[in-house]
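The values are calculated or read from the model by the stated rules, or taken from the named source; none is laboratory data. Note that the coordinates shown come from a computational prediction; the quantities given were computed from them, not determined experimentally. All Cβ positions, glycine included, derive from the backbone under ideal geometry; neighbour counts span all protein chains shown. Note: accessible area is taken over every heavy atom of the protein model, side chains too, but ligands, DNA and RNA are not part of it. Shrake-Rupley method; radii C 1.70, N 1.55, O 1.52, S 1.80 Å.
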Amino acid sequence: TVLSRIIAGLEGVFNGHVGRSLIVTAADVTEYYTGCGPYLQLARYPIVSITSVKETLDYAFDSTDALVADEGYRPINSGKNGILYRIYGVWYSTPDAVQIIYRGGYTAAGGVPGDGETALPDAIREAAIEQATFLFKRKDDLGLSAVSFEGGSIQKFSAIDLLPMVKKVLGDYRIPSL
């Protein structure tokens, strides 16, 4: 039970560290973006599929026609980096003026990638194993640090951080700045 909780918690910690969602969802997600030039960085990648891309200044997405792939936009590098390029213009810069319905991310460790999906990179899988092992071994004294000196000792709880090796691996999967 403890190990299952640790593993489940690591997904959120890893997502927070890289600034995006790493694991693909079973169903499409709807996200809203504010454009800034011709490139748009999605929060979930690699892109598995795009159902709809719409732009509107009045947030009336239901009455707006979707852009057509390879005419209005196209994924750069086949969507591996989650970047969409706006053909013949720039994305609307009004807050939340771009609606994208899509699926993106890696297939969870142990899962079989479906059509268009990408397996979780081995480096992330190994980093998760290392971090989970560390947390499990220290589950009874997690965050506890001690200093001993002549005549006594001090114990305190300190902030829990990712292992240096895990931080290094996850650094390669952060959302790039455009």
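For the chain, with all protein chains in place and a probe radius of 1.4 Å, 54% of the accessible heavy-atom surface sits on carbon or sulfur.
Probing with 1.4 Å while keeping every protein chain in the model, the per residue accessible area of the chain equals 59 Å². In straight-distance terms, cross-link reach from K139 covers every one of the aspartates and glutamates whose alpha-carbon lies under 15 Å from its own, apart from those fewer than eight places away in the same chain; here that gives E130, D161. Rounded to the nearest whole Hz, the Karplus-based 3J(HN,Hα) values (6.51 cos²θ - 1.76 cosθ + 1.60, θ = phi - 60°) of segment 99-115 follow the sequence 10, 10, 10, 6, 10, x, x, 9, 5, 4, 4, x, x, 9, x, x, 4, with x at glycine and proline. In terms of packing, defined here as the mean over residues of other Cβ atoms within 10 angstrom, the peptides 34-42, 22-30 line up highest first as 34-42, 22-30. Of all DSSP beta bridges confined to the chain, the antiparallel ones make up roughly 85%.
Taking a ≥ b ≥ c as the square roots of the eigenvalues of the alpha carbon gyration tensor, the chain is prolate, as a/c is not under 1.5 and a/b beats b/c.
Cross-link reach is defined here as a Cα-Cα straight distance under 24 Å, omitting same-chain residues fewer than 8 places apart; for K54 the lysines meeting it are K80. Taking the C-alpha atoms only, the angle from helix 2-18 to the longest principal axis of the chain is near 50 degrees.
Rounded to the nearest 10 degrees, the angle from helix 122-137 to the longest Cα principal axis of the chain is 30 degrees. Could you tell me the center-to-center distance, by alpha carbons, between segment 3-75 and segment 90-130 in angstrom? Using only Cα atoms, the two centres lie 9 Å from each other.
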